1. Can you tell me the 0 to 90 degree angle between the C-alpha axis of helix 301-311 and the longest principal axis of the chain, rounded to 10?
2. Please say if region 200-317 is rounded, prolate or oblate, where rounded means a/c under 1.5 for a ≥ b ≥ c the square roots of the C-alpha gyration tensor eigenvalues, and otherwise the choice is prolate for a/b larger than b/c and oblate otherwise?
3. Given a 1.4 angstrom probe, what's the average accessible area per residue across region 222-287, in square angstrom?
4. With a Förster radius of 22 Å, plug the Cβ-Cβ distance of S273 and S191 into 1/(1 + (r/R0)^6) and report the FRET value to the nearest 0.05.
5. Please find the FRET efficiency linking A315 to T221, where r is the Cβ-Cβ separation and R0 is fixed at 22 Å, and quote it to the nearest 0.05.
6. Can you compute the FRET efficiency between E131 and R69 using 1/(1 + (r/R0)^6), with r the Cβ-Cβ distance and R0 = 30 Å? Round to the nearest 0.05.
7. Show me 137-146, 276-285 ranked by packing, highest mean number of other Cβ atoms within 10 Å first.
8. Could you tell me the center-to-center distance, by alpha carbons, between region 249-317 and region 204-247 in angstrom?
Amino acid sequence: MTRLGSTDLDVFPLALGGNTFGWTSDEDTSLAVLDAFVAGGGNFVDTADNYSIWADGNTGGESELIIGRWLAARGNRDSVVVATKVSRHPDFRGLGRRAILGGVDASLARLQTDYIDLYYAHYDDPGTPVEESAGAFHELQVAGKIRHVALSNYSGERLQEWVTVVRDNGWPLPAVYQPHYNLVHREPFESDQAPVAAAAGMSIVPYFALASGFLSGKYRTADDLQRTDRSRRFVAQYGSEQALAVVQTLEAVAAEAGVAPATVAISWLRGRSGVAAPIASARTLEQLPALLASATFELSAEARAALDAVSATVAVG
Ligand SMILES: NC(=O)c1ccc[n+]([C@@H]2O[C@H](COP(=O)([O-])OP(=O)(O)OC[C@H]3O[C@@H](n4cnc5c(N)ncnc54)[C@H](OP(=O)(O)O)[C@@H]3O)[C@@H](O)[C@H]2O)c1
C-alpha cells in the first residue's frame, strides 16, 4: 500500500481505470473486472463524471453508474478509495462554483455514496479564477462531500497558481496530481509539472499507463495501429519509430523476466519519482492479471536503465 500525499488514504499501487465501463466493457464484464481487482488486492478506482460520453449512445455518467451499482451490491464502499472528476460533463462544464457544486451531487448520486475520497479538477478552466474553483472544492471538503482535492491536466504554471491560492487562503493543498504520463509520453510532465507537484508534496497518479494499450506489446508496427477504430482514435498518436523502439525494449525486458510487457511498462512508471499508483484499465478479465502483477514486479537496475534511455528518445508529446 502507498500513502497518497499528506492524506490518510492508503492505496494499492495500481489504480483501476474506469473509462472502459459502459464503453469497451459491458456492465457484467465491468463488474467482474472490479471484483477481480479487489480480489487481487486492489482498492483504488478512478473515474470521471463524463465517462464514457464518447461511446455511441452514451450521455456521460455511465462509468460512475456502474461503479455505484457495484459498491451498493458488494457493500464495500468503506474499503474502496473512489476518485472521480468534474469539468467535462455536458451539464457541469468547467470549474465555476455552480458547476462544481452541481457536478459533485450528480456524481454522488450516480456512485450511490455520500462522499468521494479524491475529487479532481479534470481539466484546467482558464475562464474561471482559480480562487473560485479552489474555494468551491474547499467548500465541498468542509461539507464532507469530498475528502481530498486533486488536479489533472494542468500546466506547471497553473498548478503553481492553485498551490499559491490555497496556501494564501489557508486551505489544504491538493493531494494528488494526475498527468498523461507513460514510457512514450514523458514530457511535458517531467519537466513542467513534476517539480511543482513534488515541491507541494503531491503524489503522482499517472493516466494512460499503457498508452491506451500501445505498451501491452500488441502493436508492433505502424500498420497495427490502423487496424481498429479504437487504435486509430487513441493509440495511433504513439506510433513513431522511437516509440516502436520502446516497445521492442519492453518486450525484451518482459521476455527475460517472464512477465507481460504491460507489467513491465506499469512497473517502470510506478518506480518513477513521486508516482504513487499508475492508472490502467482492463477491457476484459483476461487483461487484468498483467496489470495487477505490476504492483509487485520490480525491474532490475539494468532493465530500468535501458527503458529510461530508450524512452528518453521519444519526441516531446
Ligand atoms: N485525467 C484524464 O484526463 C484521463 C484521461 C484518460 C484516462 N484517464 C484514466 O486513466 C485510465 C486509463 O486510461 P486508458 O484505459 O484509456 O488507457 P491505458 O490504461 O493506458 O490502456 C488501457 C487499455 O489497454 C488495453 N489493455 C489493457 N491491458 C491489456 C493487456 N494485458 N493486454 C493487451 N491490451 C491491454 C485495453 O484496451 P483494448 O483491449 O481495447 O486495446 C485497455 O482498455 C482511464 O480508465 C481513466 O480512469 C484519465
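1. Its long axis makes an angle of about 80 degrees.
2. rounded
3. 46 Å²
4. Efficiency at R0 = 22 Å is approximately 0.95.
5. Taking R0 as 22 Å, the efficiency between A315 and T221 is 0.75.
6. 0.20
7. Values: 137-146: 16.9, 276-285: 22.9.
Most protected by this proxy first, the peptides run 276-285, 137-146.
8. The distance from the Cα centre of region 249-317 to that of region 204-247 comes to 14 Å.
The values are calculated or read from the model by the stated rules, or taken from the named source; none is laboratory data. None of these values were measured; they are calculated from a predicted model. Don't worry about glycine lacking a Cβ; one is built from the backbone with ideal geometry, like all the others, and counts go over all protein chains shown. Each accessible area value is taken on the protein alone, full model and side chains, heavy atoms only, with ligands, DNA and RNA left out. Shrake-Rupley method; radii C 1.70, N 1.55, O 1.52, S 1.80 Å.
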